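*Asks:* Sharing a structure below in structure tokens format, with a few things to ask.
The values are calculated or read from the model by the stated rules, or taken from the named source; none is laboratory data. Quick caveat: nothing in here was measured; it's all calculated off a predicted structure. Neighbour counts are summed over all protein chains in view; Cβ atoms, including those assigned to glycine, are modelled from backbone coordinates with ideal geometry.
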């Protein structure tokens, strides 16, 4: 779980007192406020020459173990926060009550409470932009959808817009892993009696499978059900050798879906939802393979292993299925599925090689907007890089500046990748290191905005 740590900025001096906030003047005359509202810790920083725009940041999923938090995060990339403050933007963020796990429900209340506090104690913003990364991306989107008039725009960073579909995908991957790679083992996929033991058993099965051609072929099949990219590294190019491609894809499955939102993460969600909200009753895994962007990888792996994928698909078809607890299903729809109403402009930025929140979620969200919102208010940009939320500060700042231009003028600027890369490349070297949650490395890279069409969602909620 340690590889999912986030890199946070340096601590800012301050005092936290339950029920009240204390402002601290910094050398550059920024005002920093810290405090708690109904048990939710918050942080606010206001520059000396505030431009009357507030950026409200929603953090992503914090695992309950192995994830030390040194301060309230104000942005996905610490340098992005510095740029915003230097250019007159006020920043605010709540850690939400409980802070850890799937905390969307408290986030939707605590972020509005912080917005109210800001208006009463600091000043009424001319406009507020909601932003957030990963799980925080769905928080930011739902805040705008459900609080008319409170937000002017949304910057969705590596957002998971459909968490119900995401958890169904996690169930598919772990179901296939158990069936094909750990048959007969005592592994609970839902209602886990011992979440850590079940997660470890699935993880061990993945490790064993990586050592043989047959195991690697089955791992490729598992990954195909979630359309998981075979690219894990922030800094290395896409792998080309078959075994390495499968290894990187399996690392996504193991980290994000087995150790992350496998039995351990599911126990947290089931506690919040009052039961299991996911299902695979009626799912045809052969059909999911046929729709997957990873089917060519599967075919090549099975040819090398000299086994027949149809045999494994038959094993999956015969395996007993898992039904959702009906009373739990509405919870994830309420606290994890964007409707796509776009009451305000939304600009999304996503990695093409993201396996933690795969880019097909962007395609799903665009379909939602076509059904329920205004497609003219949505723009989606892509950065050609592996990993999750792996953007440089320059790329994030350019995205935010383009959203602000849309808010100022009523028209979207030119979001051609070449233009975006030229704009991002103009920033100094300290803005050119992507956030790397997976390894903690920090290296200078070139801006990597690109034209990209995501694949189809394997199991969308709607």
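*Asks:* So residue 165 fits all but one of (1) in contact with a strand residue (DSSP E or B) (Cβ under 9 Å, 6 or more places away or on another chain); (2) free of Cβ contacts under 8 Å to residues at least 60 places away in the same chain; (3) not in a loop (DSSP other than H, G, I, E, B); what number is the exception?
*Replies:* (2)
*Asks:* Are any of the residues in region 251-268 surrounded by fewer than 24 Cβ atoms within 10 Å (Cβ to Cβ), touching a strand residue (DSSP E or B) at 6+ places or on another chain (Cβ under 9 Å) and either on the phi < 0 side of the Ramachandran plot or touching a residue at least 24 places away in the same chain (Cβ under 8 Å) (or both)?
*Replies:* Looking for residues that are surrounded by fewer than 24 Cβ atoms within 10 Å (Cβ to Cβ), touching a strand residue (DSSP E or B) at 6+ places or on another chain (Cβ under 9 Å) and either on the phi < 0 side of the Ramachandran plot or touching a residue at least 24 places away in the same chain (Cβ under 8 Å) (or both), one finds at least one in region 251-268, hence yes.
*Asks:* All but one of (1) over 22 Å from residue 378 (Cβ atoms); (2) in contact with a strand residue (DSSP E or B) (Cβ under 8 Å, 6 or more places away or on another chain) hold for residue 351; state the number of the condition that does not hold.
*Replies:* (1)
*Asks:* Answer yes or no: is there a residue in region 407-417 that is in contact with a strand residue (DSSP E or B) (Cβ under 6 Å, 6 or more places away or on another chain), surrounded by 17 or more Cβ atoms within 10 Å (Cβ to Cβ), in the same structural domain as residue 126 (by TED's automatic domain parsing) and more than 20 Å from residue 85 (Cβ to Cβ).
*Replies:* yes
*Asks:* Check region 96-103 and report whether any residue there is assigned to a strand (DSSP E or B) and surrounded by 19 or more Cβ atoms within 10 Å (Cβ to Cβ).
*Replies:* yes
*Asks:* Looking only at region 439-451, which residues are in contact (Cβ under 8 Å) with a residue 24 or more places away in the chain, surrounded by fewer than 21 Cβ atoms within 10 Å (Cβ to Cβ) and in contact with a helix residue (DSSP H, G or I) (Cβ under 9 Å, 6 or more places away or on another chain)?
*Replies:* 439, 440, 446, 448, 450, 451
*Asks:* Report whether or not residue 352 is surrounded by fewer than 22 Cβ atoms within 10 Å (Cβ to Cβ), assigned by TED's automatic domain parsing to the domain that holds residue 434, touching a residue at least 12 places away in the same chain (Cβ under 8 Å) and not in a helix (DSSP H, G or I).
*Replies:* The answer is yes for residue 352.
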